[in-house]
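Following: one structure in structure tokens, then a few remarks.
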Amino acid sequence: MPELPEVETVRRDLAALLPGRTVTRVEVPDPRAVQGFGPDGRARRRETPAAFAAALFGRTAREVLRRGKYLGVRWDDGSALLVHLRMTGQLIFGPPRPNARALIFFSDGSCLNFCDTRRFGELWRAADWSADPSVRALGPEPLGDGWDVAAWGRSLRRCGARVQSALLDQRRLAGLGNIYVTEALFLSGVRPTRRARTLRSADIPVLAANIQKVLNQGIAHRGVSFRDYRDARGERGRAREKLEVYGKAGRPCPRCETPLRGVKVNGRGTVYCPQCQK
């Protein structure tokens, strides 16, 4: 699943491409891809491709936003198109693609393709980006000024879940996924199976700094591409080659050469060094 660095890379690409462009046509080959908002302006519901297209017709893009793993295009009337890429979703700006689940055409002939092999991704309309329940439910941004590390640390140390699971909780901190949590825990010397409440107060600033480090590195190298992730121009990210341990179970630890171990935590696979991480 694309995580914060991958989604932020797409946001930056689209922020340079979409503002000022006006929608002239929308095609939705897969009706399951689209949703709208209900009468209360908040509750999401399925809507017909025709209704979805009509709502976007004539709208001009003003800005491209991100919260956690969610993307948003804010239109000239204040409404927004929200996107969650889920496992295999892609937003690719360019010629129409035959495998796209939805296509948004603009007045200059350009096109935004929503492609998604496994079809878990979603597009939906919201009256207000910041008021959408999915966005409101998210915790602070780890790269934003609003992240109170001390308060986050206190919350983490009261949590009985495994550290890996606690860090994946989007209500606690937005945007983290398995890749960057695995990397941050390795750099911090914290074993993913450890209970979060066993963390020491001294562990918190170290973990926070390493979370920011791996996220910034991921953004700098335009995200991790294994099979499906592509940026908004259809290009692969280069951050995979910077990973220390993720996806490398059985290989020597880059620090001590002890074989790395793969383990599942609440059904999610992760990797750690039994010597370096305690």
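Nothing in this text is a laboratory measurement; each read-out follows from the coordinates by a stated rule. What you see is a predicted model, and the numbers here were worked out from it, not measured in a lab. When we count neighbours, we look across all protein chains shown, and the Cβ atoms used for this are built from the backbone with ideal geometry, even at glycine.
Here is how the numbers come out for the structure above:
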read-out: Computed FRET value (nearest 0.05) for A16 with S110, which takes r as the C-beta separation and R₀ as 22 Å; value: 0.95
read-out: Karplus (6.51, -1.76, 1.60) ³J(HN,Hα), θ = phi - 60°, over the stretch 228-244, in Hz, Gly and Pro reported as x; value: 9, 5, 9, 7, 5, 9, x, 9, 7, x, 10, 6, 4, 5, 8, 5, 7
read-out: Segment R233-A127, length gained on full extension (0.36 nm per residue, minus Cα span); value: 35.4 nm
read-out: Contact order normalised by residue count of the chain, Cα under 8 Å, 6+ apart, percent; value: 19
read-out: Column: log10 I(q)/I(0), Debye, Cα scatterers of the chain, q = 0.14, 0.15 Å⁻¹; value: -0.98, -1.09
read-out: Per residue, the convex hull volume that the Cα atoms of the stretch 86-160 enclose (Å³); value: 158
read-out: Inter-part distance where the stretch 100-129 and the stretch 134-174 are each reduced to a Cα centre, Å; value: 29
read-out: Electrostatic dipole magnitude of the chain [Cβ: Lys, Arg +1; Asp, Glu -1; Cα centre; debye, to 20]; value: 1200
read-out: Angle in degrees between helix 4-15 and the longest Cα principal axis of the chain, rounded to the nearest 10; value: 30
read-out: Measure of compaction for the stretch 149-272 (Cα Rg per 2.2 N^0.38 Å); value: 1.06
read-out: Hits among aspartates and glutamates - C-alpha to C-alpha of K213 under 18 Å, sequence gap 8 or more where chains match; value: E3, E6, E8, E141, D145, D148, E183, D203, E241, E244
read-out: Nearest-ten-degree value, helix 203-220 long axis tilted from longest Cα axis of the chain; value: 40
read-out: For the stretch 4-136, Kirkwood radius (reciprocal of mean inverse C-alpha pair distance, Å); value: 14.5
read-out: Rel. contact order, % - alpha carbon contacts under 8 angstrom, at least six apart, the stretch 149-272; value: 23
